[in-house]
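K.L.:
Provided herewith is a single structure, encoded as C-alpha cells, for subsequent inquiry.
Throughout, read-outs are computed from the coordinates displayed, never taken from laboratory work. This one's a predicted model, so the numbers in the text were calculated from it and none came from an experiment. Positions of Cβ are generated from backbone atoms using ideal geometry, with glycine treated the same way; all protein chains shown enter the neighbour counts.
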Amino acid sequence: MPPTCPEHGDVAMLIAYSLHGHVKQHRLGKVYINDVGFWIERNPDTVRGPDITFVRAERATRSRKFFEGPPDLAIEVVSPNDRYTEVEEKADDLLRAGAQAVIVVDPNRRTVRIHRPNETVNVADALVVDDVVPGWRLPLSEIFEE
C-alpha cells in the first residue's frame, strides 16, 4: 500500500493511543499497529494487516512470524486512496475468520461503523465494544477533533 496522508495517521494514532492505554492499564491483552499480519485463511493463504488490532491476553504473542488467526478487534481507518468496497471486503474477511468486531473509521465522512458477524451499526457518539475490550470508550469528538 502506498503511504497515506497526515489525517489518516492522526486519526489512527488517536485511536491506538486510547485503546493501548486502556488495554495496558487493565492488562487485557495487546494492541498492535502498523499493519501486523494476521493469517486468516490457508489454501489459499490470506493475510490481512489492519491499521490497529487488539488481541486478548490469552492469545497475545511476541513472534517474528504472522499472527495465526484473526485479531479479536480490528480497526481500519479509511485512507483517501482506499476504495470503500475494499475496506468492507477486508472487514468481512476478518469477521469470517473469527474476529469479534471490525471498526471502520472514515475521517473524510466523519463516520464510524462497527461490523460484527451478524450486524453492522453506525456509531453516533462514542466507540464502545465492551464485549471485546471491556470498559474502553472513545468519544467520536476525540477522533474527529479539529
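K.L.:
Provide the FRET efficiency to the nearest 0.05 for the Tyr17-Asp45 pair, computing r from the beta carbons and using R0 = 30 Å.
P.N.:
Details: r = 32 Å, r/R0 = 1.07.
Plugging the Cβ-Cβ distance into 1/(1 + (r/R0)^6) gives 0.40.
K.L.:
Lys90: which lysines have alpha carbons under 24 Å from its alpha carbon, excluding same-chain residues fewer than 8 sequence positions away?
P.N.:
Cross-link targets: Lys30, Lys65.
K.L.:
Additional query: Tell me, what are the semi-axes, in whole angstrom and largest first, of the equivalent ellipsoid of the chain as set by the roots of 5 times the Cα gyration tensor eigenvalues? Intermediate values should be presented prior to the final figure.
P.N.:
Numbers: eigenvalues 90, 68, 45 Å².
Semi-axes, largest first: 21, 18, 15 Å.
K.L.:
When DSSP beta bridges are limited to those with both residues in the chain, what percentage is antiparallel, rounded to the nearest 5? List each step's numbers first, then the result.
P.N.:
On the way: 23 of 30 bridges.
Here the share of antiparallel DSSP bridges comes out near 75 percent.
K.L.:
What is the packing order of peptides 101-108, 27-34, 41-48, taking the mean over residues of other C-beta atoms within 10 Å and listing the highest first?
P.N.:
Numbers: 101-108: 21.1, 27-34: 17.9, 41-48: 11.2.
Ranking the peptides 101-108, 27-34, 41-48 by packing returns 101-108, 27-34, 41-48.
K.L.:
So, in nm, how far is label Ala124 from label Glu142 when the simple model puts each one 7 Å beyond its Cα toward the Cβ?
P.N.:
Computed distance between label sites Ala124 and Glu142 equals 2.1 nm.
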